[in-house]
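I have placed the structure first, in the form of structure tokens, so that the comments after it can refer back to it.
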Amino acid sequence: MDKDAYHRPVMVREIVALLVRREGLYVDGTLGGGGHSLAILQALRDRSFERGSFLIGIDQDRNAIEEAEKKLAAYRATAKLVRGNFREIASVVNSLRESCRISKPVAGILLDLGVSSFQIDTPERGFSYLRPGPLDMRMAPDGDKRAEDIVNKLDERELAEILFRFGEEQKSRKIAGAICAWRREKGTITDTQDLAAIVRNVVRGKDPQIKSLARVFQALRIAVNDETGALENALREGAGMLAPLGRMAVISYHSIEDRMVKRFFREIAADDWGPKGVALREPLQRANFRVVTGKPLTATKEEIDENSRARSAKLRVIEKK
Ligand SMILES: C[S@@+](CC[C@H](N)C(=O)[O-])C[C@H]1O[C@@H](n2cnc3c(N)ncnc32)[C@H](O)[C@@H]1O
């Protein structure tokens, strides 16, 4: 397999520059094919931080762990890869800290959200509207809820709510209605192509169809994997784990995630001025964090030309004071 065939990591230069600044423990919460982790480990070596550093890579997909194990084989002594959900990033890291006797302070955390190219391009995983496959969409293949369960078991109102909330799909009600009509007429919807056909019947025109298909599949994927719930927890636990001057970097690919990251970073980087209307000279409490990236960083044109996935990437970084 060529080096980026599993997944081509985005904004690697930016991640290395903003994240790898000192010795310590680095946590890659979204290991994928290990591209970012490899770049972090290489940078730690190049900067002579390797002896005082360690990397923990987490992914909920065992394929990712297997792939990254190969890519990071040269770094066995300084990296440990583990299957787990970043929703529980603190307990995953703490139990490894104990079993591997790692006492280093947490210097950097990376979350590169969403799915890998390998996951999208594997038809049996059911993530893509372009490929026939089962309506699955679980990132952890042993997860108990599939997209099929949502599409076939929820009522029209609940379905519309998911398509609107997680896909920001304006035709959510019509599409939910069409899904329920199909179920009544033809039975269970099991294939990505049946769902795609339903969406195409509701939305006319090639461009609007493509956008709605992307939004509907995104919404189901987010719901199946409870991506927003996992992110919310990981942000809070991750920030709580950082040592002074440690940084957390998050790359998001759609506005729902980016908004969550932006709001959370703003909230923890704000001084506490007490209740509104009370004039204070000093804040009740100074914030323990500093936002490093006022506006999110985006990929360069050159990178986007080479990797279309980088087009929607937004990188935000926060630092513990
Ligand atoms: C965009 S890819 C990461 C690619 C990686 N940065 C690289 O260089 O190859 C996202 C990865 O995060 C994993 N993932 C998504 N949500 C997760 C979660 N809640 N817990 C653990 N892994 C998760 C996915 O399984 C996928 O492999």
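The values are calculated or read from the model by the stated rules, or taken from the named source; none is laboratory data. Bear in mind the structure is a predicted one, so any value in this text is a computation, not a measurement. Cβ atoms come from the backbone with ideal geometry, glycine included; neighbour counts cover every protein chain shown.
Numbers below:
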{"quantity": "Any hit, region 190-211, residues being modelled with pLDDT of 95 or more, more than 14 Å from the chain's Cα centre (by Cα), assigned to a strand (DSSP E or B) and not assigned by TED's automatic domain parsing to the domain that holds ILE109", "calculated": "yes"}
{"quantity": "Breaking point among (1) more than 13 Å from the ligand (Cβ to nearest atom); (2) within 19 Å of ILE251 (Cβ to Cβ); (3) crowded, with 17+ Cβ neighbours inside 10 Å, for LEU25", "calculated": "(2)"}
{"quantity": "Cross-chain or 6+ apart pairs with Cβ under 7 Å, region 102-129 first and within 16 Å of ALA196 (Cβ to Cβ), then assigned to a loop (DSSP other than H, G, I, E, B) and within 8 Å of the ligand (Cβ to nearest atom)", "calculated": "PHE127/VAL115"}
{"quantity": "Single residue of SER48, SER37, SER53 found to be within 10 Å of the ligand (Cβ to nearest atom), among the hydroxyl-bearing types (Ser, Thr, Tyr) and either in contact (Cβ under 8 Å) with a residue 40 or more places away in the chain or assigned by TED's automatic domain parsing to the domain that holds ARG309 (or both)", "calculated": "SER37"}
{"quantity": "In region 85-112, the residues that are crowded, with 22+ Cβ neighbours inside 10 Å and within 15 Å of the ligand (Cβ to nearest atom)", "calculated": "PHE86, ILE89, VAL93, GLY108, ILE109, LEU110, LEU111, ASP112"}
{"quantity": "Helices (runs of 4 or more DSSP H) wholly inside region 225-313 containing at least 1 residues that are surrounded by 17 or more Cβ atoms within 10 Å (Cβ to Cβ), among the aliphatic types (A, V, I, L, M) and out of contact with any strand residue (DSSP E or B) (no Cβ under 6 Å at 6 or more places or on another chain)", "calculated": "227-241, 255-268"}
{"quantity": "Hey, ASP46 under 23 Å from the mean Cα position of the chain (by Cα) and of a type in the set (D, E, K, R) or not", "calculated": "no"}
{"quantity": "Counted residues, region 6-22 - those being under 16 Å from MET241 (Cβ atoms) and either within 8 Å of the ligand (Cβ to nearest atom) or under 20 Å from the mean Cα position of the chain (by Cα) (or both)", "calculated": "1"}
{"quantity": "Number of positions in region 23-43 that are closer than 21 Å to SER91 by Cβ, of a type in the set (Gly, Ala, Ser) and within 14 Å of the chain's Cα centre (by Cα)", "calculated": "1"}
{"quantity": "Meets criteria (under 18 Å from MET139 (Cα atoms) and touching a residue at least 12 places away in the same chain (Cβ under 8 Å)) for ASP4", "calculated": "no"}
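A quick yes/no check of all residues on (1) touching a residue at least 40 places away in the same chain (Cβ under 8 Å); (2) of a type in the set (Phe, Trp, Tyr):
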| site | (1), (2) |
| --- | --- |
| TYR253 | yes, yes |
| ILE268 | yes, no |
| ASP272 | no, no |
| PRO275 | no, no |
| GLU282 | no, no |
| LEU297 | yes, no |
| LYS320 | yes, no |
